Structure formats: C-alpha cells, structure tokens
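Structure first, then comments.
The values are calculated or read from the model by the stated rules, or taken from the named source; none is laboratory data. Since we're looking at a predicted model, the values are computed, not measured. We place every Cβ from the backbone using ideal geometry, glycine too, and count neighbours over all the protein chains shown.
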Amino acid sequence: MKPVLLLLALCALLAAISESSANDGSGRYGLNALQFRIGADTYAELRKAPEKAASRANPLENDPDALAAGRLLFENHCAECHGADAKGGRKGPSLRVPDVRAATPGTLFWLLTNGVVRKKMPAWSKLPEPQRWQLVRFLKSAGVPPAAPAESLLKP
C-alpha cells in the first residue's frame, strides 16, 4: 500500500511541476477547460533541484526492464493526474513539454523524491529508489513523446 501512495505523490509532484512552468497563457500546449490549469511557474520546480541532485545519473538508464516497469508504474499511479498519454489532465499538467524533456534524470528523481507540496504533488520518498528511477527512465524515454508544436495544435 505504501508504494502506491508514494507513486501517487510522485504523480502529483510531476503534475505540480508541469503546471508551474508549462503554460505562458497562450494555450500552446493544447489545454482545454477540462485540463489542469497551467501557470507561468508550472515547471519552475525543475529549476530548483540542487546541482548535486541534478547531476545524478539514472543507474537504470540502459535497463530495458526498467522502462517497462516505469511504464506500468506510470499507468497505475501517475496517469490518473497526468493522463494516460502524459498530456495532462484535470489534476496534473503535461509531462510531454520541453521543460520536462530537457530536465536531467537526477532532476526528475529529486522532484519525485521531494514533491511540491504547495502544488499538491506529494513526495515519493517512501517509494523504493529503484522504482523512482524506473519512473524517471519511462519519463525520459520515447514512451512519453514530446508535445506537439504549437502550429499543429491550431490546425483542424
């Protein structure tokens, strides 16, 4: 039960991060009224990771099993807030935006571990470290494709 709670907290944290810096008010990420409200600081937490944490490498980077496990963890615990396709939902922002794609594995791990309580993203520090790295592996993989360019979102 505790890992489930930790994963939920991780998803909430990523949602908060995504919310804080993804949207500049232009709606360029294709948000609609049913999706998480993005503000100018949605992804700002990503820039707050200490250098020591941000420079950490994912020990599971080349482990194909970690990618599959991360996908399952995301589907079971993060998709509720961030959407099954990680494009964002009612509770959490998109994880497909350039801010998240550009974040180092260590930064994402730090964020998952510490959460963003003021944005309702819980800390996932009780989730075993390998599972947090598996989530990072999935988020940094092709499993979470980048956001569509703004031009394509405006076309019918």
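Here are some notes:
- For segment 88-99, filtering for residues that are in contact with a Leu (Cβ under 8 Å, 6 or more places away or on another chain) and charged (D, E, K, R) leaves 2.
- Search result, residues across segment 108-150 that are crowded, with 21+ Cβ neighbours inside 10 Å, of a type in the set (Lys, Arg) and at pLDDT below 90: LYS119
- Across segment 64-73, a minimum of one residue is classified as under 15 Å from SER141 (Cα atoms) and either of a type in the set (Phe, Trp, Tyr) or modelled with pLDDT under 90 (or both).
- Check on LYS91, on the phi > 0 side of the Ramachandran plot, over 10 Å from the mean Cα position of the chain (by Cα) and modelled with pLDDT under 90: no
- Given (1) surrounded by fewer than 18 Cβ atoms within 10 Å (Cβ to Cβ); (2) modelled with pLDDT of 55 or more; (3) not polar (S, T, N, Q), index of the condition GLY25 fails: (2)
- All helices (runs of 4 or more DSSP H) inside segment 50-136 with 1 or more residues being among the small types (Gly, Ala, Ser) and touching a helix residue (DSSP H, G or I) at 6+ places or on another chain (Cβ under 7 Å): 51-54, 64-73, 105-114
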